[in-house]
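We did not get these values from a lab; they are worked out from the coordinates using the rules stated. In this text the structure is predicted, and so the values were computed from the model without any measurement. Backbone-built Cβ (ideal geometry, glycine too); neighbour counts: all protein chains shown.
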Amino acid sequence: MVLGFRDPVADAIGLLRPRTVIGPSVRAVGEWALRFDTFPHVRIGGLVSGTCWLVLDGHEPVLLQQGDTFMLGNPPPYVLASTLDATPRPAAPVLAAAEDGLVQIGPASEGDLYLCVGHIAFDDQNAALLTDLLLPLVIVREADPHGLQLAQLINLLADEVGVTAAGGPLVQNHLAQILLVHMLRAHAAQTDRPTGWLGALNEDGIGAALRAVHADVAHPWSLNELAELSHMSRSAFAQAFKSHVGVPPLEYLIQWRMSLARDALARDTLSISELARATGYLSESAFSTAFRRVVGASPAQFRNQARQAGRAPADTTVLHPSDEPGADSRDDLRGRELSGASQPRA
């Protein structure tokens, strides 16, 4: 049994269990302004045609133009407007009056603005895995390296909104997730790239180690192996990894294994012994020891709580730095011990 998708971004989105709501789209002409309330976790959208201002509380206003795409991470209240002088009105009642997936503000015309928007909500337990890495506002211009692809996706998404063709909701959901992945790629490639695992993927050495860990989470990785993959010395790799990702390499591995284990236990898809093997532990007891250290409960207790609640408990963290300080040598030893091996590999 292989857990995850063997890719860091796909693995993260898989754990997030994204729920997408697209539209309604907005066509507008003349003077207008809509104020949106806070929303967890991500809002995403783009301009099919026209221009408008995006005013995010605490940030300078940004003029969006045709082909531009934007992503808001855990956004504070914000305004979309034709001009900075327009008086905003609450967006919720305006969007609620949509017909066939479209809101028309002002008389319809050829040169009006056409805006496609949506939001993506995540499983609360795992949301921090991504939202902690995002800026409140990410904008990708059409002229940017990723811009044309994103503009095409926005156009496809806009075409699907309000269409009653068979499979429409499924198409919208998948297009929104594809749009999210492309936005994350663009975000990671920008000059002010994110910290954490998302930004580290663009670092040649650290990115190679991250991809290797996700490609084979059950492998008994050692610090030496990961350093060799990164073409760095052991100490330089450990320092660079922690600097970029926020946790030591083998702590990341343990935390990621436990993230996958929590998800599988919450969905009740594997026995504890199967899960131990799938996450690289040689015995159920070694897996249980690691799980309890990270999660604070045994696998059996966690699964029973999830069964009773109908979902995974929301009081655990995902991929956050451990409170335990540890030297690189202890990381290697602990990684081996928690995998059930008696000795660390050199």
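What 222 nm value per residue comes from the helices of the chain, counting each DSSP H run with n ≥ 4 as -39,500 (n - 2.57) and dividing by all residues, nearest 500 deg cm²/dmol?
Value at 222 nm, helices only: -13000 deg cm²/dmol.
Please report, for the Cα atoms of the stretch 183-314, the Rg to one decimal and the Dmax as a whole number; what are they, in angstrom?
Rg then Dmax for the stretch 183-314, in Å: 16.3, 48.
In what sequence, highest mean first, do 246-256, 270-280 appear when ranked by Cβ atoms within 10 angstrom?
Per-residue mean Cβ counts within 10 Å order the peptides as 246-256, 270-280.
Strictly greater than 35 Å: what percent of every Cα pair in the chain meets that?
Across the chain, Cα pairs with separations above 35 Å total 32 percent.
So how far apart, in nm, are the two label points at A166 and T269 if each is 7 Å from Cα heading toward Cβ?
2.8
How high is the FRET efficiency from A92 to F5, r the C-beta distance, R0 41 Å, rounded to 0.05?
With R0 = 41 Å, the Cβ-Cβ based efficiency is 0.70.
How many nm separate the modelled label positions at L282 and D100, each set 7 Å beyond the Cα in the direction of the Cβ?
Computed distance between label sites L282 and D100 equals 6.7 nm.
What order do you get for 57-67, 233-243 when each peptide is scored by the mean count of other beta carbon atoms within 10 Å, highest first?
233-243, 57-67
How long is the gain from Q305 to T38 if the chain were fully straight, where each residue apart is worth 0.36 nm and the alpha carbon distance is subtracted?
93.0 nm
Report the per residue volume, in Å³, of the convex hull enclosing the C-alpha atoms of the stretch 63-124.
It comes to 146 Å³ per residue, whole-number rounded.
Take the Cβ-Cβ distance between T83 and A121 as r, set R0 to 25 Å, and report the resulting FRET efficiency rounded to the nearest 0.05.
0.20
Note down the magnitude of the dipole of the chain about its Cα centre, charges +1 on Lys and Arg C-beta and -1 on Asp and Glu C-beta and zero elsewhere, to the nearest 20 debye.
So the magnitude is around 1040 debye.
Once a ≥ b ≥ c are taken as the square roots of the eigenvalues of the Cα gyration tensor of the stretch 34-187, is the result rounded (a/c under 1.5), prolate (a/b larger than b/c) or oblate (a/b not larger than b/c)?
Judged from the Cα gyration tensor, the stretch 34-187 comes out rounded (a/c under 1.5).
Once you keep just the Cα pairs under 8 angstrom separated by 6 or more residues, what percentage relative contact order results for the chain?
Once divided by the residue count of the chain, the mean separation gives 18 percent.
Restricting things to alpha carbons, tell me how big the stretch 229-285 is in terms of Rg and Dmax, in Å.
14.5, 41
Quick one: grab the alpha carbon gyration tensor of the stretch 45-97, order the square roots of its eigenvalues as a ≥ b ≥ c, and give me rounded if a/c is under 1.5, else prolate or oblate depending on whether a/b is larger than b/c.
Note, shape of the stretch 45-97 comes out rounded.
Let me make sure I get this right: for the stretch 147-242, a, b and c are the square roots of the gyration tensor eigenvalues over alpha carbons, sorted descending. Under 1.5 in a/c it's rounded, otherwise prolate if a/b > b/c, else oblate. Which is it?
In terms of gyration-tensor shape, prolate.
When the Kirkwood radius is taken over all Cα pairs of the stretch 1-111, what Stokes-Einstein diffusion coefficient follows at 4 °C and 1.567 mPa s, in µm²/s?
In µm²/s, the coefficient rounds to 82.
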